[in-house]
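The values are calculated or read from the model by the stated rules, or taken from the named source; none is laboratory data. If you're wondering where the values come from, they're calculated on a predicted model, not measured in any experiment. Glycine gets a Cβ as well: all are built from the backbone with ideal geometry, and neighbour counts include every protein chain shown. Ligands, DNA and RNA are excluded from the accessible area calculation, which covers all protein heavy atoms including side chains. Shrake-Rupley method; radii C 1.70, N 1.55, O 1.52, S 1.80 Å.
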Amino acid sequence: MKRIIAAVIAATLLVFGVFFSIFTNLWASDFQETFDQIAGGDFPPSQVVEQGDLNSQIAVINIEGTMVDTGNQPSMFASEGYNHQLIIESLKQVIEDDTIKGVLLNVDSPGGGVYESAEIHKYLVQAKEAGKVIYSSMGGMAASGGYYVSAPADQIFASEETMTGSIGVIMQAINFQQLAEDLGIEFNSYTSGDMKEMLSSTKDPSEEEERYVQGMVDSMFDDFVQVVADGRGMSEDEVRDVADGRIYLGEDAVDNGLVDQIGHIEDATAALKEEVGGNPQIIEYGYSNNFANISLSYGVESIFGEITGKNDIARVEQLINNRQGLQPMYLYER
């Protein structure tokens, strides 16, 4: 009897897995067409959150989660998270739209990739050059890259509990050479140059590799310092005094010049509306709750992953991928 039950369960999981694979593949390939039909084909999507003057608008752009461009297409059934292309396209539209007078950044992020942070910063600077007023409202955390993208703002708001700062760069690699030796595993590598295997997980770094990588980190840190100095009107020495990688709470960040005012997003919104003047309409870029909060596919995939053990493997892979290799990060590591 137990064998029959086990066989039925196995067959059910197999059928379910095949069906789920077909469904997700079809969904991925047909998503854009389906979304175009439902949402009118607008990308980036936006919605009015407060009615007002159509010729004087404030655009809210959410920068939430770890800032890494996964390259994934937005999914109607996906859980909410960071979407780099959505943010970039939103900023491009803001720059081109003369009716948008102000931008409110809603930042709640520990930072992320150096490239992603720099790209967002570039378009924010262009938005300022186009005459847009930019305010940044920091949530629970706006550290490292989260502060990097806030630096160009005309005014930065944070709550007393906001963790910000963490100005700096980190590159990490896992070295499992000793573990491999204990397990009797040998690695044979054939490279075209001494530095080709730089930061390999299978050997200790040479002094030359350490100097080279540290030089890269120092160069990117110099860029970070300059971004803060330019955005905050501080000297490089003043920035370096507070840029040893530590985080600051809101009040401390006000005292050292990294934040302008203590307040929440409602306070930042009110202040930006007053700065813009009149009765500006407020729009928000992103997917409405009708799309972003529907998590059927995600929930099904999660359940199936727990049953098959796939989720545990994915967690280990994510841990390794997030901490290994030559990807430089403006990231606060908790």
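Run the numbers for LEU249 and THR202: contour at 0.36 nm per residue of separation, minus the present Cα-Cα distance, in nm.
Contour length minus the Cα-Cα distance gives 13.0 nm.
Average accessible surface for segment 63-193: 42 Å² per residue, computed with a 1.4 Å probe over protein heavy atoms with every protein chain in place.
Work out the FRET efficiency for ARG240 and GLN214 from their Cβ-Cβ distance, taking R0 = 25 Å, and round it to the nearest 0.05. Using R0 = 25 Å, I get an efficiency of 0.90. Each Lys or Arg adds one and each Asp or Glu subtracts one; over the other residues with Cβ under 14 Å from the Cβ of GLY52, this totals -2. The phi-based Karplus calculation (6.51 cos²θ - 1.76 cosθ + 1.60; θ = phi - 60°) puts the 3J(HN,Hα) values of segment 246-263 at 6, 9, 10, 7, x, 4, 5, 5, 5, 4, 9, x, 7, 10, 8, 9, 8, x Hz, whole numbers, x for Gly and Pro.
Starting from 0.36 nm per residue, how many nanometres of slack lie between GLU181 and GLU50 once their C-alpha separation is accounted for?
40.9 nm
Segment 96-150 and segment 151-168 have Cα centres lying 11 Å from one another. Using a 1.4 angstrom probe on heavy atoms only, work out the carbon and sulfur share of the accessible area of segment 86-147 in %. Exposed carbon and sulfur together represent 46 percent of the surface. The residues of segment 241-286 expose, per residue, 50 Å² of accessible area to a 1.4 Å probe.
Only protein atoms count toward the accessible area here, which uses a 1.4 Å probe; on segment 168-231, the carbon and sulfur part of that area reaches 47 percent. Sequence-ordered 3J(HN,Hα) estimates for segment 133-149 from the Karplus curve with 6.51, -1.76 and 1.60 and θ = phi - 60° stand at 8, 10, 10, 10, 10, 8, x, x, 8, 9, 10, 6, x, x, 7, 3, 6 Hz, glycine and proline given as x. Karplus-derived 3J(HN,Hα) values for segment 82-98, using 6.51 cos²θ - 1.76 cosθ + 1.60 with θ = phi - 60°, are 5, 10, 5, 5, 4, 5, 5, 5, 5, 5, 4, 5, 4, 4, 7, 8, 5 Hz; glycine and proline are entered as x. Less than 5 angstrom separates the built amide H of ALA143 from those of SER109, GLY111, all sequence-distant by 5 or more or on a different chain. Oblate is the label for segment 75-165, because the ratio a/c of its alpha-carbon gyration tensor axes (a ≥ b ≥ c) is 1.5 or higher and a/b is not greater than b/c.
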